[in-house]
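The values are calculated or read from the model by the stated rules, or taken from the named source; none is laboratory data. Bear in mind that the values here come from a model prediction, so they are computed numbers and not experimental data. Here the Cβ positions follow ideal geometry from the backbone for every residue, glycine too, while neighbour counts run over all protein chains shown. Keep in mind that these areas ignore ligands, DNA and RNA; they rest on the heavy atoms of the full protein, side chains included. Shrake-Rupley method; radii C 1.70, N 1.55, O 1.52, S 1.80 Å.
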Amino acid sequence: MKKISSFIVLVALFVGLFSSSNTPSDIRNEITSFASILFEDTQATETEEIAINKEKVTVDRVVDGDTVKVEFPSGETETVRLLLIDSPESVHPTKPVQPYGEEASDFAKDTLKEGQTLTLEKGDPERDKYDRLLGYIWVDGKNFNQLMIEEGFARVAYVYEPNTKYVDEFREAEKAAEQESNNIWSIDGYVESQFEDY
């Protein structure tokens, strides 16, 4: 809607300028001025969207391959459940450690070190039924959720609208991990059973 409105205003400006008695240099100056304002307005909107959705946090500790505790600048600590992925259990209170559960957890701990600053992109809605924050973690410009899939330490799971922003990329990464038999994909039928039989 914002882009359409800007376009209409731009067309109106051109019509007004060329139907007026302005000189060519006056027209160029007014167009340049308007384009500059329009560009700045668009940049401001994009920055606001980024600021709303993403926030710098510090790693408090890694719980397992798909759950991380983070600390916000305010000092508040939250548990983040990584969106669209599921890794094997390594600390479940009622289930045994599953194949590649410890490896997935170790990989997460090696990548997301305690005290490290990273970016949290919150989901929409932001919380699950357990009141955990839902989100994507970005580290060194890389989507960590996707990295877990690429390495074969997680599968694509819990795909619920509207929290499906990166699902297409994740499915592509999963397909590649499966073709390469990476980790969880190296055990025949393991992922298909959703780890339930282990």
**Q.** Long-range neighbours under 7 Å by Cβ, at least six apart or interchain, first residue on the phi > 0 side of the Ramachandran plot within the stretch 145-170, second surrounded by 19 or more Cβ atoms within 10 Å (Cβ to Cβ) and in a loop (DSSP other than H, G, I, E, B)
**A.** TYR158/LEU84
Q.
VAL191 - would you say it is within 20 Å of ALA108 (Cα to Cα), modelled with pLDDT under 95 and aliphatic (A, V, I, L, M)?
A. yes
Q: Could you please find all residues in the stretch 152-162 being surrounded by 19 or more Cβ atoms within 10 Å (Cβ to Cβ) and not in a strand (DSSP E or B)?
A: GLY152, PHE153, ALA154
Q | Members of the stretch 95-106 found to be part of a helix (DSSP H, G or I), open to solvent by less than 50 Å² (accessible area, probe 1.4 Å) and not aliphatic (A, V, I, L, M), listed by number | A | GLY101, SER105
Q.
Suppose the filter is part of a strand (DSSP E or B), among the aliphatic types (A, V, I, L, M), under 28 Å from TYR190 (Cα atoms) and open to solvent by less than 30 Å² (accessible area, probe 1.4 Å); does ILE137 pass it?
A. yes
**Q.** Among the residues listed as LYS109, LYS113, LYS122, LYS165, the single one being closer than 19 Å to VAL57 by Cα, open to solvent by 40 Å² or more (accessible area, probe 1.4 Å), modelled with pLDDT of 95 or more and within 13 Å of the chain's Cα centre (by Cα)
**A.** LYS122
**Q.** Residue among LYS122, LYS109, LYS95 that is of a type in the set (Lys, Arg) and out of contact with any strand residue (DSSP E or B) (no Cβ under 6 Å at 6 or more places or on another chain)
**A.** LYS95
Q: Filter the stretch 148-170 down to residues that are over 23 Å from LEU112 (Cα atoms) and of a type in the set (D, E, K, R), then give me how many there are.
A: 2
